[in-house]
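Before any comments, here is the structure.
The values are calculated or read from the model by the stated rules, or taken from the named source; none is laboratory data. Only a predicted model underlies this, so the values are computations on that prediction, with no experimental measurement involved. Because the Cβ atoms are built from the backbone with ideal geometry, glycine has one as well, and the counts that use them run over all protein chains shown.
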Amino acid sequence: MGGILVKEALAISFHDSPLYSMLWIFTYSIVFFGVPHRGSRHAAWGKMAARMVQLFTGRPNENFLSSVEEGSSYNADLSERFGALIDAFKYFSICETLPDHSHIEIGLIVEMDSATLDLPDSQEVKLYPNRTHRTICKFANSSEPEWQQIADILVRGAAVAANFTGYSPNMATRQMTVIHSDGEVMFHIATHRIKKLTI
């Protein structure tokens, strides 16, 4: 759910906060790990669990879980506000492919159609490692193939971002430079390597 907070922060910096506008201006690319862009049907189960725990501890807050339920008004509002920024960045969307078997069979926590932004391959690389939602960004060691690939994406992405010259508060300029940036090379390499790790 950290990806939802990232989208919220960027949307605020773009729409509401001149003080923090540099957040979106100097963001080049975003890596999303199992982010429920269109909500998750399991958020309702999470709310029920939060209520049960709250009865005994008085601590958990279910407001955030409400925000990522399928069809929630918050999710629709965030999608609209972040939509104004959608062409300003490059994306890597990493999707879970294995169901969670913790105690009961609940399937995928974030379905694949919710975990991607449905953008062209030139702007969004979609990765489908053999991982559950809980293990999608947890790696046992640096020799795991999935980690090696993601680390390579991060290193290459940082290098491209550092050399990118299209950071502009003018959205039309920004969109054009992002689409035609040197990130195409990074995306081509990443897409080629992803084929070896996808289901």
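What to note about this one:
- Picking from residues in segment 1-26 that are small (G, A, S) and touching a helix residue (DSSP H, G or I) at 6+ places or on another chain (Cβ under 6 Å), the one that is farthest from D77 (Cα to Cα) is S21.
- Any hit, segment 134-143, residues being over 27 Å from T165 (Cα atoms), touching a helix residue (DSSP H, G or I) at 6+ places or on another chain (Cβ under 7 Å) and without any contact (Cβ under 8 Å) to a residue 24 or more places away in the chain: yes
- Close pairs (6 angstrom Cβ cut-off, 6 or more residues apart or separate chains): assigned to a helix (DSSP H, G or I) and of a type in the set (A, V, I, L, M) in segment 12-33, surrounded by fewer than 18 Cβ atoms within 10 Å (Cβ to Cβ) and modelled with pLDDT under 95 anywhere: I25/Y167; I25/P169
- Being touching a helix residue (DSSP H, G or I) at 6+ places or on another chain (Cβ under 8 Å), aromatic (F, W, Y), within 19 Å of P36 (Cα to Cα) and surrounded by fewer than 19 Cβ atoms within 10 Å (Cβ to Cβ) is true of Y128.
- Of the residues making up segment 75-110, those that are buried (at least 18 other Cβ atoms within 10 Å of the Cβ) and at pLDDT below 85 number 4.
- Residues that are small (G, A, S) and at pLDDT 80 or above were ranked within segment 156-187; the one that is surrounded by the most Cβ atoms within 10 Å (Cβ to Cβ) is G157.
- Of all residues in segment 1-25, those satisfying the criterion of being surrounded by 15 or more Cβ atoms within 10 Å (Cβ to Cβ) and closer than 22 Å to G39 by Cα are M1, G3, I4, V6, K7, E8, A9, L10, A11, I12.
The rows are residues; the columns are (1) over 20 Å from L10 (Cα atoms); (2) in a strand (DSSP E or B); (3) not aliphatic (A, V, I, L, M).
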| site | (1), (2), (3) |
| --- | --- |
| F92 | no, yes, yes |
| D100 | yes, no, yes |
| P120 | yes, no, yes |
| N130 | yes, no, yes |
| C137 | yes, no, yes |
| A140 | yes, no, no |
| V155 | yes, no, no |
| Y167 | no, no, yes |
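- A single member of S168, S143 is under 26 Å from M22 (Cβ atoms) and over 18 Å from the mean Cα position of the chain (by Cα), and it is S168.
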